[in-house]
Every structure is written in structure tokens, then in C-alpha cells.
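Asker: Got a structure for you, questions after.
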Amino acid sequence: MHGDAATALHVVRLASRARISALRKLLVSRPLPLTTVLRLLLLFLPCTCDPDTYLPLVRALAYGEELKEEEDEEAGDTDADDGDIVPLDEHLARVVVDRLVASEIARIATSVYDYIYTDAEESSSTAVFTAWLFARIYAIAAMLPVLSLVDAVVATNAVMVPLDVVRWRDGVLLPLARYLTYYPSYGEDEDELSTQSLHALTTTDHALVIARFLRHSTAKTITRDVTALIMPFITYISSLQPSAVSDKLLWRAFFAHIVHHAAADFEIVTELVRQWEGPAGGAGAAAVSYDADVQREYVAAIVAACYACEDTTAERFDAMHTLQKRAHAILMGCGGGVESKGTVSRNVDDAFRYPGSALYAASETTLYALDQLVTSAAMLSVYVPTSLRDVATLRYCASHEAEFQFLMRVVRGKAKEFAYRDDSNWRSLRSSARWLKNKSLVLAKLTDEDIDNIFLGALLDFGRINLVREIYIDPVHTPLALEDVERHVLKSFNEHYDAASNCNATRGSLRTAAQVLHLIYPGLSASPRLQHAEQLILATHELSKYSLTLVHGTPLAPLQIRAHGKPEEITALLLQANEKAYLQVNELVTITRNLIAGLTGESPCENDGVEYRVTRMCVYSALAADDFATAYQYCMTRLWAQAAAIAKVDGDLIWQVFFAAGRYVSPNTPAGTPSPSLSMGGGGAGALATMRASPRVKHLALQMELLARAMDICPEKHVFEILNVWQDFELQVVQYTVAVQVV
């Protein structure tokens, strides 16, 4: 410091006691350098001192006005020591002043002094006064954070405050005061705004300040907060570096905050857009004329906020329509939009990046697309929750396959829920799909055939037989080729068949399977695949008449038949489970043929051996049931009569069956043969033996006949085996004959 140290010490003493009149009197009689006086006043005037008392003095000093003593009884003698104050020499006084200044500097943030000019004489008077006011404001805020004390400095009536300070008050001080009034209950942590944030408000990242101003905003308070906090703040910050570029960047930071917030609370955005016309809107002090580009940025932010919202409720889509209309009105109010020359990126991340995406360009084309896509999302969400971003992704970024799979999911939905749509719902959904393809372009990569393929498959699977007939069968010009219809019919037939819980084709899913098949079979097409499906369902229905279990403990179901996949084994199991089933040999042959066709896709021919193999199974089943007569009949009438044909298919079949039937011994046959002695016994016993012998001899004769035919056609190595059985039976016949003759 330079100058009279003792005088400076007096200045410190008077300033610290807020004796402004005495201070003025001292400076009149003992002037000090301007920089020294202003620094001492800044440091030692109490924070609670009324600005009206000292600002006139400070202004007079800053502007170099001549100081005059004021008529003030309290000014008193500036040399009075108010007690026993020891006078200091010049050197010691300077030491004391330096230490006082140093101690104060330690208590006040260094940033305060950035506003004090080092060489006040080379600065304008207004600049010096402005700098001192800012330093005083920040010093008060740092030492005693009470905004009313700070505001008193700016709102004084004692002097004319410089315009820069007034603007700062309107753009920084008042918004902060309002914020603390609106949200007084929130703690002043490092993420909150406080009175100590005054200086930081102009030096911190502006986007962060905007976010903090809006941190606690709700749908009810957002418009108030934007007009009372954000608009004045951005207006002031823009004035520090006035340019269209900086102005736009500041507003873009605010808009980016709104877009980001839309994903979490779209209602806030909705209420803001409904009530706020943008930076150029408002009334009175809030009505500021901004470049039209800023208004277009607002429109782009509204569009981006809609795409950021992930909600899929009807209420949100209605709100988006409202925002779209508001955005259009705002766009027209600033002279219309500028059509974007870019295209929406096929990369999802780039397509929705804000700002910069062509999807958000402030143009009538973009707003029209937004309206179409919101309608599309609302339409689709009735069936499957679909956000606006989802439909935009489909339109701009998705492949043909992705669109196809999406529509498949929409059409099929949840099977339990949508299986009960009525025909009008299905017609409406089909019309909507075509609108999505041709109008909103959400499904533009699909063809009409793609859409109808999806719908036909779903209608068949959900059993909407009459509607399928109405749309795809009866019209003269059907939407799909017969080949496509047949493909879907077969697919749906298989699904209904596998879903059936029983094998009765007159009810349940199996009945639906039959109805699906008969949409085109045999009237429109009698292709082999359709015929095989018909044969499968016929065989399945016939199996329902029998007792049959393919899976232990589980009633027979069509899916078990398909899973088993071996038709002749199924017939064999049927014969095992049903005692008299062998009597229905013709029916069993038909069932087996149909099963072969239905399960293997191969059509049996007349000489395929199926009939003979089924007959063989029936012969064995008849023998197991001790029904030799039926077994003999099948051997002679169904096998021997076609021996030549059977030999071409299976050369061993006849002789093996004949040998098995020929050597069969009924469990009811009496052991041994009647002896002559028994026959010669009492009249009653002999007569009974004779009666028993006669049928047995006839039975043996039939068996020997079967064995003889077997020997005629069997391989040579089996002749003696059969001959031994034949000879044994021949001996029994002789014994029975002798016994009868003796009697």
C-alpha cells in the first residue's frame, strides 16, 4: 500500500464501525489513493451496513467527484480515539494495516478481487464503480450468505447503479432468489444452488446450472421455473458474449435437458409445451425477441422429446399429438421450417441422437412424419406395447425380416388373449397393417403378400375358419396363391392336430384341424400332402374307438401318434390292448394304411404287404385269444388265396403264419389221448371220451392241413421242423381214431 498509513488505519477503524460521515470528513482532509480507499472500504465495511449510506461515497470516489463534508452531528472528530488508543508512528501503522488487509484477504475468496482494477486511474469511472459493486456483492455472499443483503446493494436508491449490475441482478440474483423461495426445503449440498453459488452461476458450465435450476420442477411448476429462472439466466449469459451462435448454444443446452427429461417424466414436457411458446413467447418482461432459429430449435426439441418418451399408454400418445400440433403452430409463427437435406441414419444410435438427427429437423415434413408415427404407435400398442421410438426404428432402421417378425408378434399377440377376437377385430387389424405399410410406412418393406401370409397363418391357428373362407377362399380374386394357402393350411393343420387332447375328430382341436384341412381339400386341391393329412385324421379318429395307450399312464393323444411314428407298431399295440380287435381286420388294415400315409407321407399301394402283415398280426392275436377258427379262416381266405402276391412281397410270411397256427395248442385241449382201456370202461365214460375225440380229430386235421401247406412253401431247412410237428399230430389222430373204434 502507498500513502499515509496512519490515515489508512483511521479509514479501517471508521469503515469497520460504519461511520460513513466521519469517513467522508477524513478523506476530505486527508485524501488517499483511489485504489487504496476502495480496497479498504471493500474489506472493512460491515456486510450489514446500509448500502444507501456508503454507495454515494464509493461512487463519488470512483467518478473522481470532489468530496464535501456532510452536516452530520454524528460525524464527530475523526481524530478522536474513542478511548485510550495509542498513536502509532508511520512505520508501525503501515505494518498494522498490511496485517489487517492480509487477514481479510485470507477470509474472502480471491475471485472477489478479480473485479478490482489494478490501475484504477486507467479504467473508466463506470468500470471502476461496477467492479467495486461486484466485489462488494460477492464479498457479502461469501461472508454472510443472505440474498436480501446482496440485493440491497443493487436495489439502492441512493445512486444510479450501472446497467451491467442491473442486468446481473435480473439474470442471476433474482432467479437464484426465486429458486430458493420456490424450493426452500432442499438442503444446500454440492449439487444444490445456494447464496454462495452467486459467482459460480456465471462461471460454471451453463448446462449444469440449467439442470440445477430445474432439478425439482414438476408438471405444475415447470412453466413458472422456465419463465422465471431459465429465461432470465440465459438472457443474461447471452448478453455477456452477444452472438447468435452463443445464444443458440445456450438454449440448446436447455432443450437438451428437456429432451433428456422426457424419458423419465413426459408429463413435465407436455405441460411446458402446452403453456410456453418458446424463447420468443411470453408477455411483458419475458417477451424477448430471439432469432427464429432458436424457435426452430425449440420445435426440434419438442419432436425429440416425443421420441425420447418410452411410455406406450393411450394418454401419452394423445399428449404427443397435442405437442405435434403445438410444434406446428410455433413453427408457423417463426416463418416456417427449413427442410432438412439429410436422411435419417439406418444406425439406431445415430438416428435418435440429439441434436443432429434428421428425424428432429424443424420442418413440416418432420412434423407430418411425427404425427403419422404417433398414430402408428397408438394403433400398435392396442395389441403389443410399442413406443414411438419402436415404430420409428421400424420405419427407418429395420430390415424386412425385422418388420415381418414384428408384425407377426402384433398379429399373434398373446394366444390366450387374442384367440377370442371377433371377426371385426381381425378385419380392423388387417386394415391397420395395410395402413402401416402404405401410409405411415412403418411396414413399408413388407409386401401385401407378406401381410396376408401372416394374417392367414394366424387366422387358421386361432380357428377363424369362416373369416379365412371369406377373405382367402371364396373371392374370385384371392389375395394369395393357392400354393401359399395350402402351405398355411398344412402348417395350421399340424399345429391343431398336435394340440388336440384326444383323438375324436368331432370335437376340440382335432375338429378344428379337420375344418382347416377341408377349407381347400378336396374342393380346391387334392395334392398328396393334403390327402395324407386327411388320412391321418381319419386314422386318428378310428383309433379313438379303441382302448390304446402309447405313453404309460397318459390317455392317447394325436401328438403321441405323431411322435411314435411307426404305424404298424401302433396297430400291434392296439391288438394287444383290445381283446376282440382282431375280428375287425379290414378296419385295421385301413387304419394302418392311413397311418402310414399320414405319418410317413408315403401312399401305400395295393401290393405293399400292409394288408398281409396286418392279417398276420390278427392271426397271432386270434391264437392268443384261443380263437383257432378265426385264425384258420384268415390263413386260408386272406393269405393262402393270395399266396402268389404275398410271395412277391414277403416269401416267408405265409409259411411262418401257417406254421404258427398249425402247431398252436389250445390251453383248453385235454392232456394226452384217450386210451382203449378208458374207452372200454363204463358206458358213460366211454361215450364221453368218444364225444370229445371227434372235435379234437377235426381240429388236428385242420392244423395238419396248415402244416402241410407250410411244408410245401417253406425253405428246405425248416421242413423237418414242421414235419416233426405234423407227425406228432398224425400220431394223435391215429390214437383218437383207435380209441373211438374200440369203443
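Asker: Out of the range 2-51, which residues are among the basic types (Lys, Arg), over 17 Å from Ala158 (Cβ atoms), buried (at least 18 other Cβ atoms within 10 Å of the Cβ) and touching an Asp or Glu at 6+ places or on another chain (Cβ under 7 Å)?
Answerer: Lys25
Asker: Output the number of the condition that Ala398 fails; it satisfies all remaining conditions of (1) under 30 Å from Asp452 (Cα atoms); (2) part of a helix (DSSP H, G or I); (3) among the aliphatic types (A, V, I, L, M).
Answerer: So Ala398 meets the others, but not (2).
Asker: Among the listed residues Ala631, Ala661, Ala624, which satisfies the condition of being open to solvent by 60 Å² or more (accessible area, probe 1.4 Å), modelled with pLDDT of 90 or more and under 23 Å from Glu579 (Cβ atoms)?
Answerer: Details: Ala631 fails: open to solvent by 60 Å² or more (accessible area, probe 1.4 Å); Ala661 fails: open to solvent by 60 Å² or more (accessible area, probe 1.4 Å).
Matching residue, one of Ala631, Ala661, Ala624: Ala624.
Asker: Looking only at residues that are outside any helix (DSSP H, G or I) and in contact (Cβ under 8 Å) with a residue 12 or more places away in the chain in the range 200-230, which one is nearest to Thr270 (Cα to Cα)? Explain how you work it out, then say what you get.
Answerer: Our first condition is that a residue be outside any helix (DSSP H, G or I); within the range 200-230, this holds for 204-205, 214-221.
Among the residues that remain, those that are also in contact (Cβ under 8 Å) with a residue 12 or more places away in the chain are: 214-221.
Working: Leu214: 15, Arg215: 17, His216: 16, Ser217: 13, Thr218: 11, Ala219: 8, Lys220: 11, Thr221: 12 Å.
My answer is Ala219.
Asker: Identify, by number, the condition in (1) of a type outside the set (S, T, N, Q); (2) open to solvent by 30 Å² or more (accessible area, probe 1.4 Å); (3) part of a loop (DSSP other than H, G, I, E, B); (4) closer than 24 Å to Ala308 by Cβ that Lys445 doesn't meet.
Answerer: Among (1) of a type outside the set (S, T, N, Q); (2) open to solvent by 30 Å² or more (accessible area, probe 1.4 Å); (3) part of a loop (DSSP other than H, G, I, E, B); (4) closer than 24 Å to Ala308 by Cβ, Lys445 violates only (4).
Asker: Looking at Glu587, Glu579, can you tell me which residue is at pLDDT below 95 and not hydrophobic (A, V, I, L, M, F, W, C)? Break it down stepwise before answering.
Answerer: Details: Glu587 fails: at pLDDT below 95.
After ruling out the rest, the residue left standing is Glu579.
Asker: Using the structure shown, decide if Val516 is more than 30 Å from Thr549 (Cβ to Cβ) and in contact (Cβ under 8 Å) with a residue 24 or more places away in the chain.
Answerer: On the way: more than 30 Å from Thr549 (Cβ to Cβ): no; in contact (Cβ under 8 Å) with a residue 24 or more places away in the chain: yes.
For Val516, the condition - more than 30 Å from Thr549 (Cβ to Cβ) and in contact (Cβ under 8 Å) with a residue 24 or more places away in the chain - is not met.
Asker: Can you pull out every residue in the range 143-165 that is open to solvent by 50 Å² or more (accessible area, probe 1.4 Å) and within 54 Å of the chain's Cα centre (by Cα)?
Answerer: Residues satisfying the conditions are Met143, Leu144, Pro145, Val146, Ser148, Asp164.
Asker: Open to solvent by 50 Å² or more (accessible area, probe 1.4 Å) and either under 26 Å from Cys309 (Cα atoms) or at pLDDT 90 or above (or both): does that describe Leu229? Full working, then the answer.
Answerer: Values: open to solvent by 50 Å² or more (accessible area, probe 1.4 Å): no; either under 26 Å from Cys309 (Cα atoms) or at pLDDT 90 or above (or both): yes.
No.
Asker: Taking the options Val166, Val150, Val154, name whichever one is modelled with pLDDT of 80 or more, β-branched (Val, Ile, Thr) and over 21 Å from Leu41 (Cβ atoms).
Answerer: Values: Val150 fails: over 21 Å from Leu41 (Cβ atoms); Val154 fails: over 21 Å from Leu41 (Cβ atoms).
Testing whether each residue is modelled with pLDDT of 80 or more, β-branched (Val, Ile, Thr) and over 21 Å from Leu41 (Cβ atoms) leaves just Val166.
Asker: Ok, one more. Return the residues of the range 488-539 that are in contact with a helix residue (DSSP H, G or I) (Cβ under 8 Å, 6 or more places away or on another chain), closer than 20 Å to Ile473 by Cβ and of a type in the set (D, E, K, R); say none if nothing qualifies.
Answerer: Lys491, Glu495, Arg529, Glu534
Asker: Output the residues belonging to the range 549-569 that are under 22 Å from Ala514 (Cα atoms) and open to solvent by less than 50 Å² (accessible area, probe 1.4 Å).
Answerer: Of everything in the range 549-569, those that are under 22 Å from Ala514 (Cα atoms) and open to solvent by less than 50 Å² (accessible area, probe 1.4 Å) turn out to be Leu556, Ala557, Pro558, Gln560, Ile561, Gly565, Pro567.
The values are calculated or read from the model by the stated rules, or taken from the named source; none is laboratory data. Here the structure is a predicted model, which is why all the values come from computation and not from measurement. Neighbour counts run over all protein chains shown; Cβ positions are idealised from the backbone, glycine included. The accessibility values were calculated without ligands, DNA or RNA, using every heavy atom of the protein model including side chains. Shrake-Rupley method; radii C 1.70, N 1.55, O 1.52, S 1.80 Å.
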